[in-house]
Amino acid sequence: MKRGLGGRSGRSRRGRGWQHGPWLWGALLAAFVALSALAAAAEPAGVPGEGSARPYRLAPGDVLQVGVWGHEDLEVQVPVRPDGSFSFPLVGDVPAAGRSVEDVRQDLEARLAAFVREPRVWVSLMAIGQVRVQVLGEVARPGVVEVPHGAHLLDAVAQAGGLTPGADAARVQLQRPAEAGGGSARVRLDLYLRAGDASGNPPLQGGETIVVPRRATYLDWSRLALIVSTVKVVYDLLQQR
């Protein structure tokens, strides 16, 4: 008789456990899904492989090779001076900074037309000048890096070894030098990394300071604590039924 009662009691407890099981497993599954989403959000963003196809704009420090077909005496290698121009025989100073190589070629042809019959000018970019930028915070090698004229924020970050796993690409700070107007702005580098949004990868002029902060992990821990407490409440309610 006692064994019979014990058997019924054991089956009854197992029955109640099975009855409440789907609720408990459902809560645990929801917690697992939420944790998976948190882990995916914490993964570093990828870096796009292809660069921009925009023509390069010349800047001070660049070196040009310029010549005129059929006139070897008019072939020279010249630097773009700090004032943004270079000197060429017959025509004097030619503006270059902020223009493409093709723009300079066409302008020089027009200027030489007064001295050479139907001039055919060619212009080659031999070397790109460098600018210095400081990169601080969550990068592999913080410090001062050199990047070419026309480089963008991501180029400087790459020169500094790239982002660390704990970097917060959504809160990058870009500080402009006083000669460029000064000021500091938040840059959403993550938007460029994930969707190619150009606003997240602004061009650099030289002298900037880039600060990459560390990701605020306390938010993730608070979400985890909320999930755990929710599962506990559901479990306690099921035990009371």
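Please verify whether segment 165-175 includes one or more residues that are part of a helix (DSSP H, G or I), free of Cβ contacts under 8 Å to residues at least 40 places away in the same chain and not assigned by TED's automatic domain parsing to the domain that holds residue 69. Looking through segment 165-175, none of the residues is part of a helix (DSSP H, G or I), free of Cβ contacts under 8 Å to residues at least 40 places away in the same chain and not assigned by TED's automatic domain parsing to the domain that holds residue 69. For segment 180-190, the criterion of being surrounded by fewer than 18 Cβ atoms within 10 Å (Cβ to Cβ) and touching a residue at least 24 places away in the same chain (Cβ under 8 Å) is met by at least one residue.
Residues checked against (1) closer than 17 Å to residue 215 by Cβ; (2) basic (Lys, Arg):
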{"site": "105", "(1), (2)": "no, yes"}
{"site": "118", "(1), (2)": "no, no"}
{"site": "127", "(1), (2)": "no, no"}
{"site": "162", "(1), (2)": "yes, no"}
{"site": "194", "(1), (2)": "yes, yes"}
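Among the residues of segment 98-120, those that are within 29 Å of residue 205 (Cβ to Cβ) and touching a residue at least 40 places away in the same chain (Cβ under 8 Å) comprise 98, 99, 100, 101, 102, 104, 108. Here residue 192 passes the criteria (1) under 21 Å from the mean Cα position of the chain (by Cα); (2) more than 28 Å from residue 56 (Cβ to Cβ); (3) aromatic (Phe, Trp, Tyr) except the one numbered (2).
For segment 61-97, the set of residues classified as buried (at least 17 other Cβ atoms within 10 Å of the Cβ), outside any loop (DSSP other than H, G, I, E, B) and of a type in the set (A, V, I, L, M, F, W, C) consists of 64, 66, 68, 74, 78, 86, 88, 94, listed by residue number. Of the residues making up segment 191-204, those that are surrounded by fewer than 19 Cβ atoms within 10 Å (Cβ to Cβ) and farther than 17 Å from residue 159 by Cβ are 191, 194, 195, 196, 197, 198, 199.
The residue of segment 188-241 that is modelled with the lowest pLDDT, among those that are in a helix (DSSP H, G or I), among the aliphatic types (A, V, I, L, M) and under 30 Å from residue 176 (Cβ atoms), is 219. Here is the figure for segment 98-155: residues that are part of a helix (DSSP H, G or I), surrounded by fewer than 20 Cβ atoms within 10 Å (Cβ to Cβ) and in the same structural domain as residue 176 (by TED's automatic domain parsing) total 1.
The values are calculated or read from the model by the stated rules, or taken from the named source; none is laboratory data. In this text, all values refer to a predicted model and were calculated from it rather than measured experimentally. Positions of Cβ are generated from backbone atoms using ideal geometry, with glycine treated the same way; all protein chains shown enter the neighbour counts.
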